[in-house]
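Below: one structure, written as structure tokens.
The numbers here are math on the coordinates, done by the rules we state, and not lab data. Predicted model only: the values in this text are computed from it and were never measured. Because the Cβ atoms are built from the backbone with ideal geometry, glycine has one as well, and the counts that use them run over all protein chains shown.
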Amino acid sequence: MEITITLPDGKQIKAEKGASALDAISLISKRLAKDSIAAKVDGKAVDLSHTLESDCSLTALTFDSAEGKEVFWHSSAHILAQAVMRLYPDARPTIGPAVENGFYYDFADVPAFTPSDLAKIEAEMKKIAQEDQKFSRKKVSRADAEKLYLNNPFKLEMIAGLQDDEITIYENAGGWSDLCRGPHIPTSGVLKGIKLTKLSSAYWKADAKNAPLQRIYGITYPSQKQLDEYLNMLAEAEKRDHRKLGVQLGLFAFHEWSPGSAFFLPHGTIIYNELLALLREEYIKRGYHEVVTPQLYNKALWESSGHWQHYQENMFILDIDGEQHSLKPMNCPSHVLMYKMNSHSYRELPLRIADFCALHRNELKGVLGGMTRVRKFEQDDAHIFCTSEQIGQEIDGMLDLVDFIYSKTFKFKYSIKLSTRPDNFMGEEALWEEATGKLRAALDSHKLPYVIKEGEGAFYGPKIDIDVTDALGRQWQLATIQLDFQMPLRMGAEYEGQDGRKHTPVMMHRAILGSMERFIAILVEHYAGAFPVWLSPVQVAILPLADEYNLFAKELQAKFAGANIRCSINDKAETIGSKIRDAQLAKIPYMLVVGKKEKESGNLAIRTRKGEILNDVPAAQFISTVSREIAERIS
């Protein structure tokens, strides 16, 4: 008997009832079957051995997909646990999930692991991979599962928390088994590149009151070449680390008395202000009105917006005048409050409000990290109040701004996600469906490819998220466009329609760069600190050959300043070689060596950051060239 299988592109194929997912994928492409590590049947991830009993949809999962990586790395965590148990039979494994880049596994009752232990465990993992052990899914009764893990209180606790009477486990041919819903890679031999990366301490269920554990992190790939490329990328990322370069280039700093809050130093402030200037220019062209709003609000505002009920754990709460207040974690409720201060007509809409005010979110101290995870930050935040009929044109305008900033200005490649209704959503399902449909229609009309992220929308509305890819191929989620029917309705925002009646406006939340701190950190690492000329804190360094040329250097500096070019003079009692090295370390785009010849001719000897040398360049010509680079924001 044949069944019909629908593929992701809508095409259909026929297969025998009872065929495995792998059999069906083989009918599509032998190459795809070879690359597949799991599958999705009717939207649910399954093993390749899963049998198909009726008509269904089928998607092959390869390592190239996010879901495929999750299966691959979770399977690798199982193999890590098996390797540890071979070497340390008294160990008690707990949990081993996939994470963003790789996996980890936590163990109790093991000796204090050292780097040499890590090398031994990694070698054992490679042996297991070479053994090409098959992963087999089994269902066992609760009683049998408890017998299987009788000596492991952590697994017993996990079993007690499961609701099903039958428990799923996965066995390897090597005699190792673990609790798991799956799916898994077909065999351990799929792992070709294996590297255990670090050790750390942990606690059961992340609670310091519970048992201490040791955590082992690792990364695996289907080929050694892919692993080598990843390790090379890590080494390059280490060189580009914004926390190191931020100190080296004098951009920003942190202090223990204000954790998670950056001090922008003079050079970092220049970059910050250049980004604001870019945005403000676009705001004028695109009809935005910039505002400045308060930092502190009574909890009544947050109750009205829904944040008190849905977001309170992330807020800094203070008692003032006998009442609870909070520092604002986001601008949207205050913008609705401002909108309501005046009456509005449909003729005024859309109303676009932009705000660069500081925000505060109560992140745990342990997760703070440089500029990418902070407590105090600023966003290029904006909210658009519009009619339902204006949604499409507003999304068009935002997508155009995204493309202008990312593609045309910074030359970033970017990808798009559409995130839908989460479990803790606020409002009516019908409004959510309408909002999601509007976002989908806008993306489709622009013929922009996107992926659906089910259940990952904000609690007040679905959203479009933009990921950019940096120079190392890493992806960062930055821009967001959120469509909100809920907050203006909850807070009583209105406008007078063409029919003379009161209506609730649609509210659109929008950030392009996102957090300014995070975006600057990404730029530091993307450019390895060698910013485009328009963003460079110092654009030209003048390096006198001797003290007698310092006056000429100052005359040159005045000319550059007159052309709004940021210029410094190194008049220290150092050799010219030392001055050039200092300028190169500071990643200054242009260095001018000035001596007798330059003073007499008025022409310049220019050395670029890339090592190019240009002689006898007229000063006016060079100033014109640099001014054009700055004005056009050439990246």
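Numbers below:
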read-out: Amide proton proximity set for Lys587, modelled H, under 5 Å, gap of 5+; value: none
read-out: Separation between Cα centres of the stretch 343-378 and the stretch 4-21, rounded to whole Å; value: 47
read-out: Cα lying deepest toward the dipole's positive end in the chain, options Leu227, Gln498, Met330, charges on Cβ; value: Leu227
read-out: Loop sites in the stretch 543-635: GluC sites (Glu not before Pro), DSSP, at most 14 other Cβ within 10 Å; value: Glu574, Glu612, Glu632
read-out: Directionally averaged shadow of the stretch 85-216, computed from the convex hull of its alpha-carbon atoms, nm²; value: 8.3
read-out: Radius of gyration and Dmax over the Cα atoms of the stretch 95-168, both given in Å; value: 15.5, 42
read-out: Table column - 3J(HN,Hα) (Hz), the stretch 207-217, Karplus curve with 6.51, -1.76, 1.60, x for Gly and Pro; value: 10, 4, 7, 8, 4, x, 10, 10, 10, 10, 9
read-out: Sequence of Cys357, Cys567 once ranked by neighbouring C-beta atoms within 10 Å, starting from the fewest; value: Cys357, Cys567
read-out: Under 5 Å, built H, 5+ apart or other chain: amide partners of Ser57; value: Thr6, Asp42
read-out: Interchain or long-range residues, amide H under 5 Å from Ala479's placed H; value: Ile466
read-out: 222 nm mean residue ellipticity, helices alone, for the chain (DSSP H n ≥ 4; -39,500 (n - 2.57); rounded to 500); value: -10500 deg cm²/dmol
read-out: Ranked Tyr170, Tyr460, criterion: other C-beta atoms within 10 Å, fewest first; value: Tyr170, Tyr460
read-out: Average Cα contact separation per residue, the stretch 540-631, under 8 Å, 6 or more apart, as relative contact order %; value: 29
read-out: Largest-first principal axis extents of the Cα set of the stretch 201-343 (Å); value: 65, 48, 35
read-out: The stretch 128-197-the stretch 585-610 distance, computed between alpha-carbon centres (Å); value: 66
read-out: Shape box of the stretch 2-61 [Cα atoms, principal axes, largest first, Å]; value: 25, 19, 19
read-out: Ranked Met508, Met330, Met341, criterion: other C-beta atoms within 10 Å, fewest first; value: Met341, Met330, Met508
read-out: Among the listed pairs Lys126/Lys365; Lys225/Lys587; Lys44/Lys209; Lys463/Lys502; Lys239/Lys572, those beyond 30 Å (Cα-Cα); value: Lys126/Lys365; Lys225/Lys587; Lys44/Lys209
read-out: Percent of alpha-carbon pairs separated by more than 15 Å within the stretch 473-548; value: 74
read-out: Among beta bridges that DSSP assigns inside the chain, antiparallel share in %, nearest 5; value: 85
read-out: Charge-dipole axis of the stretch 421-471 as Lys and Arg at +1 and Asp and Glu at -1 on Cβ define it, positive-most pick from Ala435, Val468, His446; value: His446
read-out: Relative contact order of the chain, pairs being alpha-carbon contacts under 8 Å that are 6 or more residues apart, as %; value: 8
read-out: Antiparallel bridge percentage (DSSP; both residues within the stretch 540-631; nearest 5); value: 50
